Amino acid sequence: MRARILAIDFVNDDDRFGLVLERFSQNETRLCLRPIVGIHHQQDAVDHLHDALDFAAEIGVTWSVNDVDAITVPLKGGILGANGIVGAGFAIATGAAYSAKLTGDGRVAVAFFGDGAANQGVFMETLNVSSLWKLPVIFVCEHNGFSEFSPAATVTSGEIVDRARAFKISCEVIDGNDVLAVAKATSAAIEGARAGRGPAFIEAKTYRIQGHFEAEHLFLAGAKYRELDEIESWRKRDPIDRFGQFLLDQGKADARQLSDIETRVAKRVDEAVRFAQTSEPADTEIAFDLMFDGQKA
Ligand SMILES: [Mg+2]
């Protein structure tokens, strides 16, 4: 797949890894962490990237990495990046928590994962060791009911929270579409971790409104793995809408303020899309330099 590289920044001292904003198609722009070789800083690219990072932080875009097996390079702001292996984040976060414990720097590692990833063996390994060593790590399971195209009930036995309970880890099962419930559970877990009480597990019950990926209808070729009315019923529980309603009910915001926020965010999205659409395509030849160090054929 040909991707336009829109911006690059480097995240560690020897410039071996970079943040890359790439446009894969008209509807798909990703912020990726990649090994970078043979490209030097360009101030305009860096400026664009900083805008992109601000935008990503504002709208909560998830980081992604493509075709890279494992990334463990600490990023600015304490983000450890993503990786190409489902469930690998458990071990990366547990390692980071071990580091925090050894240095006593008060940091807490958080591993976000899905219900599908909870079936990886490394989940149980890291629950065990993090509980045993009282590591400051929070395991946050975003249980959205599907592992790719498989309903959870067809691939997951029992309750995921029971796996954490078996290791005597503090557990909470919450409504993942309730902003305040998420904030409360997270605060308590982090406080406990900082106080030396060890790991915590949070299972946030939610739903995946979008497909496993945007073009999944092409992949499915007419096959169906869920019903439309199920999607629509969950759409009504949108956490942003619900929190907006909460703010209105509590008199913390009025309709005009909420509408202004929506307008501002929509404008930022439009600007990002326009930027992506008007950027020059990258030279596909540099793919060899981006992916392999000195291995150009
Ligand atoms: Mg899932």
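A short reminder: the numbers here are calculations on the coordinates, not readings from a lab. Note that this is a predicted model, so its numbers are computed, not measured. With ideal geometry, Cβ positions are generated from the backbone for all residues, glycine too; neighbour counts draw on all protein chains shown.
With each label modelled as a point 7 angstrom along the Cα→C-beta vector, the Ala195-Glu232 pair spans 4.7 nm.
Projected label points at Lys134 and Ser150, each 7 Å from Cα along the beta carbon direction, are separated by 3.8 nanometres. For the range 98-220, the antiparallel share of DSSP beta bridges with both residues in that region comes to about 10%.
With contacts taken as Cα pairs under 8 Å and at least 6 residues apart, the range 110-224 reaches a relative contact order of 33 percent.
Of the cross-linked pairs Lys184/Lys267; Lys236/Lys267; Lys134/Lys168; Lys184/Lys205; Lys134/Lys205, which ones have a Cα-Cα span greater than 22 Å in the structure shown? Lys184/Lys267; Lys236/Lys267; Lys134/Lys205, as the Cα separations exceed 22 Å there. With contacts taken as Cα pairs under 8 Å and at least 6 residues apart, the range 116-169 reaches a relative contact order of 52 percent.
If you take the beta carbon distance between Lys224 and Glu142 as r and set R0 to 30 Å, what does 1/(1 + (r/R0)^6) give as a FRET efficiency, to the nearest 0.05? Given R0 = 30 Å and the Cβ-Cβ separation, E is 0.85.
Using a/c under 1.5 as the rounded threshold, could you call the range 102-162 rounded, prolate or oblate? The axes a ≥ b ≥ c are square roots of the C-alpha gyration tensor eigenvalues, and prolate needs a/b larger than b/c, oblate otherwise. Prolate, since a/c reaches 1.5 and a/b exceeds b/c. Within the shell defined by Cβ-Cβ distances under 15 Å, the residues around Asp178 carry a net charge of -2, with Lys and Arg each +1 and Asp and Glu each -1.
Per-residue Karplus couplings for the range 199-210, computed as 6.51 cos²θ - 1.76 cosθ + 1.60 with θ equal to phi - 60°, are listed in order as x, 9, 10, 10, 9, 9, 6, 8, 8, 9, 5, 7 Hz, Gly and Pro entered as x.
Shown in residue order for the range 235-244 are the 3J(HN,Hα) couplings computed by the Karplus curve 6.51 cos²θ - 1.76 cosθ + 1.60 at θ = phi - 60°: 4, 5, 9, 3, x, 5, 4, 5, 5, x Hz (x for Gly and Pro).
A DSSP coil position with no more than 13 other Cβ atoms inside 10 Å describes the following trypsin sites (Lys or Arg not before Pro) in the range 244-273: Lys252.
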